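A.B. asks: Shown below is the structure under consideration.
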2 protein chains.
Amino acid sequence: MTAHRDQLDALGVAADHRQANGAGRTVPDATVARLALYLRALTSLADAGTATVSSESLASAAGVNSAKLRKDLSYLGSYGVRGVGYDVELLTEQIRSTLGLNQNRAVALIGLGHLGQALAGYAGFASRGFRIAALVDNDAALVGTFVRGLAVQHSDELENLVRAEDISIAVIAVPASVAQEVCDRLVAAGVTSILNFAPAVLNVPPHVDVRKVDLAAELQILSFHDNRKAVQADIEADAALAHSNGAGLSARAGQAGTA
Amino acid sequence: MTAHRDQLDALGVAADHRQANGAGRTVPDATVARLALYLRALTSLADAGTATVSSESLASAAGVNSAKLRKDLSYLGSYGVRGVGYDVELLTEQIRSTLGLNQNRAVALIGLGHLGQALAGYAGFASRGFRIAALVDNDAALVGTFVRGLAVQHSDELENLVRAEDISIAVIAVPASVAQEVCDRLVAAGVTSILNFAPAVLNVPPHVDVRKVDLAAELQILSFHDNRKAVQADIEADAALAHSNGAGLSARAGQAGTA
DNA sequence: ACGCTCTTGTGAAGGCATTCACAAAATCGA
DNA sequence: TCGATTTTGTGAATGCCTTCACAAGAGCGT
Ligand SMILES: NC(=O)c1ccc[n+]([C@@H]2O[C@H](COP(=O)([O-])OP(=O)(O)OC[C@H]3O[C@@H](n4cnc5c(N)ncnc54)[C@H](O)[C@@H]3O)[C@@H](O)[C@H]2O)c1
Ligand SMILES: NC(=O)c1ccc[n+]([C@@H]2O[C@H](COP(=O)([O-])OP(=O)(O)OC[C@H]3O[C@@H](n4cnc5c(N)ncnc54)[C@H](O)[C@@H]3O)[C@@H](O)[C@H]2O)c1
């Protein structure tokens with residue numbers, strides 16, 4: 001167990017992608033998702049002063065198995081050395097380049113409520129290749145306040161900001177009821193990638209990518225497995241009981257049935 | 001496009017699951033992840049007063065295709081009526097039951113910094129089947145303060161709280177440097193499911209499930225596709241230019257190459 | 001009672017992703 | 001120079017998931 005399959009997202013609209021990289025190869029989506037993980041692990045290694053790493057140890061640092069890691073890296077080309085491993089710095093550069101992180105991408109954050117404030121202050125974005133270039137909210141009390149040295153702008157400015165800063169990625173942290181409307185405006189202004197925290201399905205034209213983060217859904221997935229474990233334990237307990245007893249039904253809840 | 005494949009998570013450790021439901025059938029992981037989505041869509045429909053829904057319209061409300069939805073629901077049993085559709089209330093109950101949401105599960109939240117504060121105040125958890133039963137931090141300045149009517153407890157109390165409230169699910173929102181340590185304590189206290197926000201790979205025993213949320217990774221995945229689009233646009237622009245020009249290289253960045 | 005229409009439920013096919021397992025490449029020491 | 005050792009890169013096999021396409025079932029009007 002330890003985690004679910006490969007965490008096939010709770011989320012997920014539908015579509016397909018393939019990318020032609022420098023070498024002309026194609027990178028599977030599942031691989032792209034893991035490249036981000038490898039990058040994180042490589043950064044730790046570099047910080048620790050490691051210059052070279054084997055697929056085995058990088059894989060374990062990233063929490064995947066080494067065959068998968070090697071196959072993933074093979075889509076980028078051959079940057080390892082047989083018998084030795086991968087050069088940490090070179091591989092980092094390769095992955096950054098594949099992910100398009102060499103240009104410190106500008107990101108807009110829409111909605112500076114509870115979640116938005118936390119995100120705006122999150123150091124992990126900056127350190128991993130993103131520059132928050134615009135903070136937007138429509139609450140007059142928030143507009144003009146500063147978060148991490150950046151002023152919150154009124155949502156009337158949304159289109160101007162997206163164009164002025166050449167923003168292609170936006171994060172939506174507004175209530176679900178206005179998420180589609182905000183999304184439409186972002187798309188109209190030229191945004192092509194959206195990370196959506198609102199529990200709403202966004203409709204976008206085909207050239208726009210949406211990824212969603214649904215925290216309650218994540219918990220529900222955990223709940224399913226947790227429940228499964230409990231039911232399993234029940235079955236086993238009952239089986240054990242049946243020996244001494246006859247036909248027991250343990251006290252545990254056991255939700256898997258037919259309601 | 002519209003979204004990536006099925007948003008194979010950026011995250012994901014490795015493992016496999018299968019669940020025997022009431023009918024003795026097995027529910028694929030990919031399906032479990034989508035059940036949470038369907039549930040959300042069903043709740044909206046119920047709020048709107050809809051009593052019955054076809055696979056076609058429920059699918060579109062959830063942003064998936066209808067064949068997939070029907071196949072997914074078929075793992076729970078036959079709760080639809082041919083020629084008519086699904087009863088919203090009945091289906092809701094079925095999914096809730098499958099996900100183990102009929103017992104308002106108690107959740108612990110560890111770390112009440114920027115992110116933790118936002119999560120603690122998030123209404124979406126309560127409305128979708130979870131009760132935040134414990135808030136834990138080790139910062140003396142936070143302990144004793146109240147968030148949504150619940151007092152923040154000192155982390156020394158962690159084990160006691162988990163046992164007292166019979167908590168099996170925990171959310172980790174502490175710095176990455178202490179995430180493993182917090183995780184170990186949670187597991188030792190009896191937690192079996194963890195949602196991890198810290199950018200760190202957690203090692204857990206096999207009976208414990210971990211799901212991770214890595215926001216920077218999400219952005220990096222978006223970045224990859226965004227970059228791909230830009231490169232593609234370049235190629236096309238160059239091809240067009242080549243006709244009038246000879247051999248042009250457009251101004252655009254074009255990061256997909258070999259660094 | 002019957003035929004028409006609608007929509008589910010599901011075998012079968014096809015497509016991806018993961019895992020296996022090993023030949024090929026590189027280094028090192030003798 | 002050569003053999004031992006290490007570790008990559010990748011065909012091939014396997015297993016999931018998705019998608020297709022349609023028979024079976026349910027309601028409805030006549
Ligand atoms: N708080 C969390 O931990 C959390 C977790 C997961 C998901 N979410 C989701 O994220 C979204 C935001 O959550 P929150 O807790 O921060 O809510 P919030 O109410 O605290 O913040 C929403 C913010 O959006 C702003 N806003 C509203 N309409 C706007 C518009 N048209 N343009 C620009 N800004 C606008 C509001 O002024 C407010 O500041 C919600 O959809 C919520 O469901 C929140
Ligand atoms: N802020 C964000 O939007 C965001 C987004 C994604 C991921 N994250 C991650 O989530 C985690 C929290 O982020 P944050 O911005 O809230 O950080 P933060 O520094 O604001 O909060 C961390 C909290 O954890 C508490 N803490 C530290 N050690 C603890 C321990 N041993 N036991 C209990 N509590 C402890 C601290 O007192 C603090 O209140 C980090 O790992 C961060 O990388 C944050």
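The values are calculated or read from the model by the stated rules, or taken from the named source; none is laboratory data. The structure displayed is predicted, hence computed values, not measured ones. Cβ placement follows ideal geometry from the backbone for every residue including glycine, while neighbour counts extend to all protein chains displayed.
A.B. asks: Residues in the range A:119-150 that are more than 18 Å from the chain's Cα centre (by Cα) and polar (S, T, N, Q): how many?
C.D. replies: Final tally of qualifying residues: 2.
A.B. asks: Can you pull out the residues in the range B:88-119 that are small (Gly, Ala, Ser) and closer than 30 Å to residue A:231 by Cβ?
C.D. replies: Once the filter is applied, which keeps residues that are small (Gly, Ala, Ser) and closer than 30 Å to residue A:231 by Cβ, the range B:88-119 yields B:97, B:100, B:106, B:108.
A.B. asks: Same structure again: Any residue in the range A:62-76 that is within 25 Å of residue B:212 (Cα to Cα), assigned to a helix (DSSP H, G or I), β-branched (Val, Ile, Thr) and not assigned by TED's automatic domain parsing to the domain that holds residue A:197?
C.D. replies: no
A.B. asks: Restricting to the range A:209-219, count the residues that are part of a helix (DSSP H, G or I) and either touching a Lys or Arg at 6+ places or on another chain (Cβ under 6 Å) or within 16 Å of residue B:225 (Cα to Cα) (or both).
C.D. replies: Count: 2.
A.B. asks: Given the conditions (1) at pLDDT 95 or above; (2) in the same structural domain as residue A:46 (by TED's automatic domain parsing), report the number of the one that residue A:80 does not fulfil.
C.D. replies: Among (1) at pLDDT 95 or above; (2) in the same structural domain as residue A:46 (by TED's automatic domain parsing), residue A:80 violates only (1).
A.B. asks: Return only the number of the condition from (1) at pLDDT 95 or above; (2) within 27 Å of residue B:124 (Cβ to Cβ) that residue A:161 does not satisfy.
C.D. replies: The failed condition is (2).
A.B. asks: Right, residue B:67: of a type in the set (A, V, I, L, M, F, W, C), within 23 Å of residue A:205 (Cβ to Cβ) and at pLDDT 95 or above or not?
C.D. replies: No: the conditions fail for residue B:67.
A.B. asks: Next question. Do you know which of the residues in the range B:100-112 that are within 8 Å of chain A (Cβ to nearest Cβ) and at negative phi is surrounded by the most Cβ atoms within 10 Å (Cβ to Cβ)?
C.D. replies: Per the criteria, the residue is B:107.
A.B. asks: Still on this structure, I have one more. Return the pair list, or none, for Cβ contacts closer than 6 Å from residues in the range A:49-68 that are free of Cβ contacts under 8 Å to residues at least 24 places away in the same chain to residues that are charged (D, E, K, R), at least 6 apart or on different chains.
C.D. replies: Short answer, once both residue conditions are applied: A:66/A:56.
A.B. asks: Within the range A:194-211, restricting attention to residues that are more than 7 Å from chain B (Cβ to nearest Cβ) and within 12 Å of the chain's Cα centre (by Cα), which residue is farthest from ligand 1 (Cβ to nearest atom)?
C.D. replies: Across the range A:194-211, the extreme among qualifying residues is A:194.
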